[in-house]
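Down below is the structure, laid out as structure tokens.
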Amino acid sequence: TNLIGNKTQATYINSSISAEGWGVLSSDGCTEPKLTAINSKISTTGNIGGYGTYAIGNATEMFLGCEFNVGFDVTSLKGGFLFYGDSTPEAVAKLNKELELGLTDKELKAITNKSTVINSERFGIVATGDGTIDVSGGTIFNTGETVFLNKGATVAVTVDGSKGAQLNPAN
């Protein structure tokens, strides 16, 4: 999918999203989009690599309790705010309110509390534009190469390991 336009929003809950080619979820030609996935599996297939998400236009992208399996990088950051964390009841309820998702109490209670796990054959985040990265909860980055590849951008990175967050680059 590709978010375009001004303040466009997409949210995936308990979904499996994959792309055979270049990218799975992205924003492009937009301003201030919001892309959210909760307890979803995001994967690239095929043999040409690809990214899980693309953030541009001051995008806010939040991934709670997700599993990423990608060939190149989990996110290509060209301008935005990235959050990777756990799908705690509190975090999901907050998003439900902020994004006006309309989830009922019963639906909120049915969402399992999970940590985000990122498996990338190469990199975690490739930054070519400014932004912020927040890694919290039990999020685990497993990468074949470096976790954060910065190509001249101004990026603020926060990793809170107090609840088990891990960065595991294979290099």
Proximal lysine pairs, the stretch 33-171, alpha carbons under 26 Å, eight or more residues apart or interchain: 27
Distance in nm between pseudo-label sites at GLU90 and GLU32 (7 Å out along the Cβ direction from Cα): 2.7
Formal net charge of residues neighbouring GLY138 (Cβ-Cβ distance under 9 Å; K, R +1; D, E -1): +1
Shape category assigned to the stretch 1-96 from the gyration tensor of Cα positions, a/c cut at 1.5: oblate
Simple Cβ-charge dipole of the stretch 10-91, Lys/Arg +1 and Asp/Glu -1, about Cα centre, in debye nearest 20: 100
Packing-based order for 10-18, 102-110, using average beta carbon neighbours within 10 Å, highest first: 10-18, 102-110
Summed side-chain charge close to VAL74 - residues other than VAL74 whose Cβ falls under 15 Å, Lys, Arg +1, Asp, Glu -1: -3
Space enclosed by the convex hull of the alpha-carbon atoms of the chain, per residue, Å³: 99
Cα gyration tensor, the stretch 86-163 - rounded (a/c under 1.5), prolate or oblate: prolate
For ALA10, net neighbour charge (Lys/Arg +1, Asp/Glu -1) across residues whose Cβ lies under 14 Å away: -2
Extended-chain gain in nm, criterion 0.36 nm per residue less alpha-carbon gap, SER162 and SER18: 48.7 nm
The chain - mean residue ellipticity at 222 nm from DSSP helices (-39,500 (n - 2.57) per run, n ≥ 4, rounded to 500): -2500 deg cm²/dmol
Percent RCO, i.e. relative contact order, over the stretch 31-72, from Cα pairs under 8 Å lying at least 6 residues apart: 56
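Bear in mind that the values in this text are calculations on the coordinates, not laboratory data. Keep in mind the model is a prediction, meaning the values are calculated, not measured. Because the Cβ atoms are built from the backbone with ideal geometry, glycine has one as well, and the counts that use them run over all protein chains shown.
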